[in-house]
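First comes the structure, then the notes that go with it.
Just so you know, all these numbers are worked out from the coordinates, no wet-lab data involved. Only a predicted model underlies this, so the values are computations on that prediction, with no experimental measurement involved. Cβ placement follows ideal geometry from the backbone for every residue including glycine, while neighbour counts extend to all protein chains displayed.
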Amino acid sequence: MVYDIRNQTPIGLKGDYHPFARNHFHRIHSRDSINIQKSMQKQSILFVYVNYSSFVKADFEILSSFANVTKYQFKPGKGIFKTGIELLKEFVYLIFNISKFDSVFIWFGDYHSLLPVLFAKIFRKKSFIVIGGYDVSTLSEYGYGSFSHPIRSFFTRNTFKFVNICFPVAEALRQKTPFHQSQSEC
């Protein structure tokens, strides 16, 4: 379920949403599904991810069934230098390509998500992010979660601040989203 975070009420999409289900977009009530598919038929989506796992692949295939979807894989390396190089590559890609897309769909909030969300905001395009757990967790004693690391925390916090719509994989994650009281629909 997607929520309007300003008043904590369900919005737009109806029915259960669970990204790990093979056809979660098809769980939307049929009338809404038809309206969404008609409005997105000719849309072009930038699909940003880190690992092309089975659930990421499932979303790519579903979106591809009714929109032109272009994959962009962010490949972070160990250390700030290699991640910085990847951020620079992503920045250059977005400068030359963001105008080709109507919206941006991102799997997980982390280093790779802030630039696409900011570019989408600047160029007045919709941005969507799937929240998985690590991106809203903090277990500092174990070094687990995006908010356990200051730089990651900056990228993730600002991603959630500027994204248009969040898709949590579980209801409990919506409550953990740092900006569930902000203007984005997390």
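Separation of the alpha carbons by more than 24 angstrom is noted, of K82/K121; K82/K125; K82/K161; K42/K126; K78/K100, for K82/K121; K82/K125; K82/K161; K78/K100. Peptides 121-132, 93-104 ranked from most to least packed, by the mean per-residue count of other Cβ atoms within 10 Å: 121-132, 93-104.
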